[in-house]
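Just so you know, all these numbers are worked out from the coordinates, no wet-lab data involved. Note that the structure is a prediction, hence the values are computed from the model and not measured. Here the Cβ positions follow ideal geometry from the backbone for every residue, glycine too, while neighbour counts run over all protein chains shown.
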Amino acid sequence: MTLPEVSEREKKFLAVGGIIVFLIIIFQVFSWYDDFRREVRELSDARRFKLERQLIRLSQKERIEKRFEEVKQMLARQERALLRGNKPPVAAAELQKFLKETASSLDIEVKLERTLSPVETEFYLGIPVEIGFTASTGKLEGLLFRLRKSPFLLMVSEMKVRVTNIRNPVDIYTTLIVTGFIKKPEIKNKKGTET
């Protein structure tokens, strides 16, 4: 069996066809290579960006640790201003004692004192104590000033003032509700661990 003769025209046609097929293959390989390079570049850019962010975080680690220590010390200072005692009745008794001593140092006789129900806040428990007394406005001002400058974190949440003698309004009967704070007691769950 003999191969048929290929004419000059068919040879040119086959050569052009082969060149076209070769160019198509080269174009496909180049497109694939270009896509591959772009994906690798995007992936490396993403990883470099991630590494840069981690390096920034690591460089800020000292500053963050320093700020954490400052906040921790500030919280410790504020917690020193809490009432002593980790149960509401103990803290209320301490607050009553402090209020009576402060009032007596100004020659104010406390005629009413009672503990009110604790008030929950987000992190602390408010311990309100109500006191009533008769005093001049100057002594009342002195008492309020001393409460403000006390070593405890105190808040006067309510104040009622009533004149005792309308004709001679020197003395006034005052009722104050003063609230001190303690840490919330740890609550144990059913397994016995503290939350």
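Under 5 Å between amide hydrogens, built in the peptide plane, is the criterion, and for F181 it picks out L83, I127, L153 among residues at least 5 positions away or on other chains. Look at M155, M74 and count the other Cβ atoms within 10 Å of each Cβ; fewest to most, that gives M74, M155.
Want the number for I26 to R84: 0.36 nm per residue separation, take away the alpha-carbon distance, what's left? Fully extending the segment from I26 to R84 adds 12.5 nm.
Think of the range 88-183 as having a plus end and a minus end, set by charges on the Cβ of Lys, Arg, Asp and Glu; of I131, L116, G142, G142 sits farthest toward the positive end of this dipole.
Between helix 137-148 and the chain there is an angle of about 40 degrees, using the helix long axis and the longest principal axis of the Cα atoms. Averaging the sequence gap over all C-alpha pairs within less than 8 Å and six or more residues apart, then dividing by the number of residues, gives the chain a relative contact order of 18 percent. What is the angle, in °, between the Cα long axis of helix 88-105 and the longest principal axis of the Cα atoms in the chain? Nearest 10 is fine, range 0 to 90. Once rounded, one gets 50 degrees.
Counting only the Cα atoms, the range 88-183 fills a convex hull of 84 Å³ per residue.
Among residues other than G18 whose Cβ falls under 13 Å from its Cβ, what is the net charge (Lys/Arg +1, Asp/Glu -1)? Spelling it out: positives minus negatives among the neighbours equals +1. Its residue count N sets the reference 2.2 N^0.38 Å, and the alpha-carbon radius of gyration of the range 48-131 equals 1.88 times that reference.
How would you rank F27, F152, going from fewest to most other Cβ atoms within 10 Å of each one's own Cβ?
F27, F152
The chymotrypsin sites (Phe, Trp or Tyr not before Pro) of the range 70-142 that DSSP puts in a loop, and whose beta carbon has at most 10 other beta carbons within 10 Å, are F123.
Here the dipole of the chain is about 580 debye; that uses its Cα centre as origin and unit charges on the Cβ of Lys and Arg (positive) and Asp and Glu (negative). Taken over the range 1-80, the alpha-carbon convex hull comes to 122 cubic angstrom per residue.
At full extension, E10 and T134 could sit 32.2 nm farther apart than now, given 0.36 nm per residue minus the alpha carbon distance.
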